[in-house]
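A.B. asks: Can you read through this structure? Questions will come right after.
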Amino acid sequence: MTPLLQVRNIKTYFHTQDGVVKAVDGVSYDVERGETIALVGESGCGKTVSALSILRLVAEPAGKIMSGEILFDKVDLLKLSDEEMRKMRGAKISIIFQEPLTSLNPVLTIGRQISEGLEFHKNMSVPEGMQEATRLLKLVGIPHPERRVYDYPHQFSGGMRQRAMIAIAIACQPQLIIADEPTTVVDVTIQAQLLELIKNITKEHNTSLILITHNLGIVARYAKRVFVMYAGNIVEYGSAMDVYHSPCHPYTAGLLASVPRLDEPRKTRLQPIEGQPPDLIAPPMGCSFQDRCGYCIGECQKETPHLSEVTPNHYAACCVSQKGSRQWQKSS
Amino acid sequence: MAIAIKSTKAFERPHHSLWGDAIVRLRRNYFAMIGLGFIVLLAIAAICAPLITHYGFADQHLTEILQGPSWKHWMGTDQLGRDTFARLLYGARTSLAVGIFTQFIVICIGLPVGASAGYMGGRVDNYIMRFVDIMYAFPDILLIILLRSVLGGSIYMLFLAIGLVGWVNIARLVRGQIMSLKSRDYISAAKAMGGMGRYITWRHLLPNSLGPIIVSVTFNVPRAIFTEAALSYIGIGVKPPTPSWGAMIQDGFNLIFSKPYMLLFPAIALALLMLAFTFLGDGLRDALDPKLRR
């Protein structure tokens with residue numbers, strides 16, 4: 001069976017006054033039906049832009065998807081007309097945005113905002129939509145949904161707003177949900193609840209999920225496969241287990257080393273990755289991670305490493321690990 | 001875990017639309033209600049003017065010219081012996097109509113033009129706004145005089161002329177509001193749910209930009225009344241003897257030192273009307289902000 005979503009070598013560039021920012025530069029990945037994958041990486045590495053590219057919501061006219069294919073159910077989304085694409089959004093693919101505080105319209109009731117998608121795609125009337133919105137609010141765990149459905153966003157707490165965002169995203173029972181750092185702005189206890197909620201909902205409806213995050217802790221628990229992004233490219237991917245236990249790219253190893261762990265002595269210092277990500281307008285020749293990498297060899301500066309299978313079903317774009325050396329695994 | 005909800009009736013009853021809520025909030029606002037009350041009262045008085053005073057607006061009492069307030073003439077008479085109170089009541093018809101109808105025309109043109117320029121951006125925006133800039137570059141009064149001569153002298157054409165010149169302000173305001181709002185996250189969210197451009201503009205963008213628009217409109221009502229006054233002064237406004245507050249203020253202004261009450265009464269009336277619109281506008285702006293909902 002073909003995967004639900006096949007992203008093939010997409011390049012999304014932003015044309016700015018200073019030059020062309022290659023925010024996403026040739027990213028490919030697949031998402032199977034019902035599968036949860038994670039896109040991880042630090043801020044500005046292109047995670048969100050690659051997700052917005054799927055929905056064709058990259059801010060125009062500056063941002064543009066230059067090339068590539070996004071096959072959703074064998075249909076290339078990049079070739080659809082605007083109207084056809086509009087019918088996909090919300091109905092087949094939906095997104096949970098990072099900021100529940102600003103992603104809800106302050107002058108519309110929560111109920112109306114949930115029922116919007118149903119009105120667009122399922123031809124529901126407003127009362128029908130409100131009824132469905134109440135059911136959805138109950139489903140995402142809002143107490144007294146029959147009253148809260150008439151509330152405005154500012155009457156909801158941060159966690160509740162994110163629940164409402166989830167309700168909006170699942171309203172039309174899409175086949176794919178993109179969760180763009182859904183738990184960044186809420187506290188740890190709510191994070192766990194929200195992720196369990198998303199997990200249960202996707203499991204129940206066999207929905208695919210792209211989980212975008214920089215929180216490596218949650219990735220291991222919820223995603224089957226992990227894609228690590230750096231400077232607009234995927235630098236490593238494989239099953240969550242493989243990537244965690246034997247990272248094949250020094251960047252992944254660095255990310256893992258900078259996460260606090262309970263099984264280490266308290267006094268141990270976290271190891272940040274030194275330096276800054278490269279300038280995406282004029283990336284350096286060769287490997288994009290070379291300046292921050294402690295294992296750099298001569299080849300890194302000459303040729304751009306491509307993803308290749310390092311161990312079975314575990315791919316990395318690193319000259320060093322492709323030669324068989326993985327010193328960083330000892331240190332982590 | 002579907003929850004069976006049998007009837008949709010229960011959801012129709014407590015209908016908290018933006019406007020429904022706004023009215024509830026507006027009714028709690030003391031000053032706004034005073035303002036609205038004054039405007040309504042004045043409108044009723046203007047419509048029922050013949051029932052309130054037995055003087056006609058054009059009746060000349062040549063033995064009683066330029067009198068001060070008395071029991072016979074509550075607000076005195078002007079240089080032609082016309083009762084000021086009667087003229088003030090009849091003049092309210094003209095002035096209220098000028099204030100309100102011109103703003104209606106202004107909104108009908110300015111809102112869609114500004115909203116489409118702001119939402120579409122790019123070339124459409126560029127063309128529309130350059131046209132607006134050209135309109136803006138001419139003095140308003142000059143364009144109105146030009147339109148008056150083209151459209152003819154009836155009072156309806158006066159509304160149209162003032163409206164056709166005034167919409168550029170609202171168009172600019174709306175465009176600015178829409179442009180700043182359209183990059184908000186909730187607009188991306190609405191797009192991500194499959195919202196159409198027009199739907200997003202009307203349902204998401206415009207309600208969020210109503211506050212400044214309403215304030216601008218309420219302040220533009222007295223401005224339109226003044227514009228009419230200025231036009232009457234140069235003889236292309238309302239045709240005499242039809243009274244308007246603006247024309248009365250201009251008449252009174254000529255005799256400001258000898259007969260100050262001739263200026264005083266229409267000026268006070270206009271000031272009170274302005275204040276009433278301002279209170280109402282303020283109240284509306286607050287009422288349309290759901291954050292103040294109690």
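A.B. asks: Please check: in the Gaussian network model of chain A (C-alpha springs, under 10 Å), which one of A:294, A:41, A:232 has the largest mean-square fluctuation.
C.D. replies: A:294
A.B. asks: Bin width 10 Å, origin at 0, all Cα-Cα pairs of region A:85-132: what percent of pairs per bin?
C.D. replies: 25, 50, 25
A.B. asks: Right, next: Given the pairs A:87/A:203; A:138/A:199; A:47/A:79; A:11/A:47; A:122/B:191; A:47/B:182, which are separated by over 18 angstrom at their Cα positions?
C.D. replies: Result: A:87/A:203; A:47/A:79; A:47/B:182 exceed 18 Å.
A.B. asks: What's the FRET efficiency of residue A:80 with residue A:267 using the Cβ-Cβ distance as r and R₀ = 51 Å, to the nearest 0.05?
C.D. replies: 0.35
A.B. asks: Follow-up question, since we're still on this one. Quickly rank B:44-52, A:49-57 as a protection proxy: mean count of other C-beta atoms within 10 Å, highest first.
C.D. replies: Top to bottom by mean Cβ count within 10 Å: A:49-57, B:44-52.
A.B. asks: In whole angstrom, and with the biggest value first, how far do the Cα coordinates of the protein assembly as shown range along each principal axis?
C.D. replies: So the three principal-axis extents are 116, 57, 51 Å.
A.B. asks: Averaged over peptide A:87-94, how many Cβ atoms belonging to another chain are found within 10 Å of each residue's Cβ?
C.D. replies: Rounded to a whole number, the mean comes out at 3.
A.B. asks: Normalised by the number of residues in region A:5-223, what is the relative contact order in percent for Cα pairs under 8 Å and 6+ residues apart? Please list the in-between numbers first.
C.D. replies: Working: 387 pairs, mean separation 56.4, N = 219.
Answer for region A:5-223 is 26 percent.
A.B. asks: May I pose another question? In terms of the Cα gyration tensor, with a ≥ b ≥ c the square roots of its eigenvalues, is chain B rounded because a/c is under 1.5, prolate because a/b exceeds b/c, or oblate?
C.D. replies: It is oblate, given that a/c is not under 1.5 and a/b is not larger than b/c.
A.B. asks: Pick out, from B:40, B:53, B:183, the residue whose Cα sits farthest towards the positive end of the charge dipole of region B:37-292, with +1 on the Cβ of Lys and Arg and -1 on the Cβ of Asp and Glu.
C.D. replies: The Cα lying farthest towards the positive end belongs to B:183.
A.B. asks: So which helices of chain B fit the span-like rule, where a helix is a whole DSSP H run, its Cα atoms reach 20 Å or more along the axis, and its mean Kyte-Doolittle is at least 0.5?
C.D. replies: Values: long enough: B:30-47 (25 Å, 2.57); B:84-120 (52 Å, 1.22); B:122-137 (22 Å, 0.21); B:155-181 (38 Å, 1.47); B:206-233 (40 Å, 0.83); B:260-287 (40 Å, 1.38).
Those that pass (Cα extent of 20 Å or more, hydropathy at least 0.5) are B:30-47, B:84-120, B:155-181, B:206-233, B:260-287.
A.B. asks: Find out how many positive minus negative residues lie around residue B:111, taking Lys and Arg as positive, Asp and Glu as negative, among other residues whose Cβ is under 15 Å from that of residue B:111.
C.D. replies: Net charge around residue B:111: +4.
A.B. asks: Relative to the present Cα-Cα distance, how much length would full extension add between residue B:151 and residue B:253 at 0.36 nm per residue of separation?
C.D. replies: 33.8 nm
A.B. asks: Based on C-alpha coordinates, I'd like the Rg and Dmax of region A:62-179, in Å.
C.D. replies: Over region A:62-179's Cα set, Rg and Dmax evaluate to 15.3, 48 Å.
A.B. asks: What percent does the relative contact order of region A:229-331 come to when contacts are Cα pairs within less than 8 Å and at least six residues apart? Intermediate values should be presented prior to the final figure.
C.D. replies: Working: 129 pairs, mean separation 33.2, N = 103.
With pairs under 8 Å counted, the relative contact order is 32 percent.
A.B. asks: So for region A:5-223, what percent of the C-alpha to C-alpha distances run longer than 24 Å?
C.D. replies: So the pairs more than 24 Å apart make up 43 percent of the total in region A:5-223.
A.B. asks: Shifting gears a bit: Taking the mean number of other Cβ atoms within 10 Å as a proxy for protection, how do you rank A:114-122, B:257-265 from highest to lowest?
C.D. replies: Put in order of decreasing packing, that is A:114-122, B:257-265.
A.B. asks: Calculate for chain B the 222 nm mean residue ellipticity that helices alone would give, adding -39,500 (n - 2.57) per DSSP H run of length 4 or more and normalising by residue count, nearest 500 deg cm²/dmol.
C.D. replies: Calculated at 222 nm, the ellipticity per residue is -23000 deg cm²/dmol.
A.B. asks: Scaled to the compact-protein estimate 2.2 N^0.38 Å, what is the alpha-carbon radius of gyration of region A:229-331, rounded to two decimal places? Walk me through the intermediate numbers first.
C.D. replies: Values: Rg = 13.8 Å, N = 103, 2.2 N^0.38 = 12.8 Å.
Dividing the Cα radius of gyration by 2.2 N^0.38 Å gives 1.08.
A.B. asks: Restricting to the protein assembly as shown, what percent of DSSP beta bridges are antiparallel, rounded to 5? Before the final figure, lay out the partial values.
C.D. replies: On the way: 32 of 51 bridges.
Antiparallel: roughly 65 percent of the beta bridges in the protein assembly as shown.
A.B. asks: A follow-up question, please. Give the aspartates and glutamates reachable from residue A:64 as a straight Cα distance under 14 Å; neighbours fewer than 8 places away on the same chain don't count.
C.D. replies: Reachable aspartates and glutamates: A:25.
A.B. asks: Peptide A:127-136: average number of partner chain Cβ atoms within 10 Å per residue?
C.D. replies: Partner Cβ neighbours, averaged per residue: 4.
A.B. asks: Let me know the whole percent of all Cα-Cα pairs from region B:148-294 that are separated by more than 18 Å. Kindly include the intermediate steps, with their values, before the conclusion.
C.D. replies: On the way: 7359 of 10731 pairs.
Counting every Cα pair in region B:148-294, those more than 18 Å apart make up 69 percent.
A.B. asks: Distance in nm between label sites at residue B:199 and residue B:215, each 7 Å beyond Cα in the beta-carbon direction?
C.D. replies: Label-label distance for residue B:199 and residue B:215, simple model: 3.2 nm.
A.B. asks: Right, here's the next one. Can you check what the net charge comes to around residue A:209, using other residues whose Cβ is under 15 Å from the Cβ of residue A:209 (Lys, Arg +1; Asp, Glu -1)? Walk me through the numbers on the way to the answer.
C.D. replies: On the way: positive: A:33, A:47, A:92, A:199, A:203, A:221, A:224, A:225; negative: A:30, A:32, A:35, A:180, A:181, A:196, A:204.
Cβ neighbours under 15 Å give a net charge of +1.
A.B. asks: Take peptide B:60-73, look around each residue's Cβ out to 10 angstrom, count Cβ atoms belonging to other protein chains, and average those counts.
C.D. replies: Neighbouring Cβ atoms belonging to other protein chains average 0 per residue here.
A.B. asks: Here's another thing I want to ask about it. Between region B:114-187 and region A:1-60, how many Å separate their Cα centres?
C.D. replies: After rounding, the separation between the Cα centres reads 41 Å.
A.B. asks: Would you mind ranking A:295, B:199, A:251, A:152 so that the residue whose beta carbon has the fewest other beta carbons within 10 Å leads the list?
C.D. replies: Lowest to highest Cβ neighbour count: B:199, A:295, A:152, A:251.
A.B. asks: To continue, here is another question. So how far, in whole Å, is the C-alpha centre of region A:145-195 from the one of region A:99-126?
C.D. replies: That distance is 12 Å.
A.B. asks: Using mean Cβ contacts within 10 Å as the protection proxy, how do A:124-135, A:59-70 order, highest first?
C.D. replies: Output ranking for A:124-135, A:59-70: A:124-135, A:59-70.
A.B. asks: Considering only B:106, B:98, B:24, give the residue with the highest GNM mean-square fluctuation for chain B, with springs between Cα atoms whenever their separation is below 10 Å.
C.D. replies: So, out of B:106, B:98, B:24, the one fluctuating most is B:24.
A.B. asks: If you don't mind, there's one more thing I want to ask. Tell me which residues come under 5 Å, amide H to amide H, from residue A:63 once H is placed; ignore anything under 5 positions away on its chain.
C.D. replies: Those lying under 5 Å, H to H, from residue A:63 are A:15.
A.B. asks: Would you grab the residues whose amide H sits under 5 Å from the one on residue A:229? Only those 5+ places off in sequence or on another chain, please, with H modelled 1.01 Å from N.
C.D. replies: HN-HN under 5 Å from residue A:229: A:40, A:41, A:235.
A.B. asks: Would you mind calculating the relative contact order of region B:37-292 from Cα pairs under 8 angstrom and at least 6 residues apart, reporting the percent as a whole number?
C.D. replies: Worked out over region B:37-292, it gives 22 percent.
A.B. asks: Using Cα springs under 10 Å in a Gaussian network model of chain B, which residue among B:280, B:151, B:88 shows the largest mean-square fluctuation?
C.D. replies: The residue that fluctuates most here is B:151.
Read-outs: derived from the displayed coordinates by stated rules, not from any lab. These figures come from a predicted structure and were not determined experimentally. Here the Cβ is made from the backbone with ideal geometry for all residues, glycine too, and neighbour counts use every protein chain on show.
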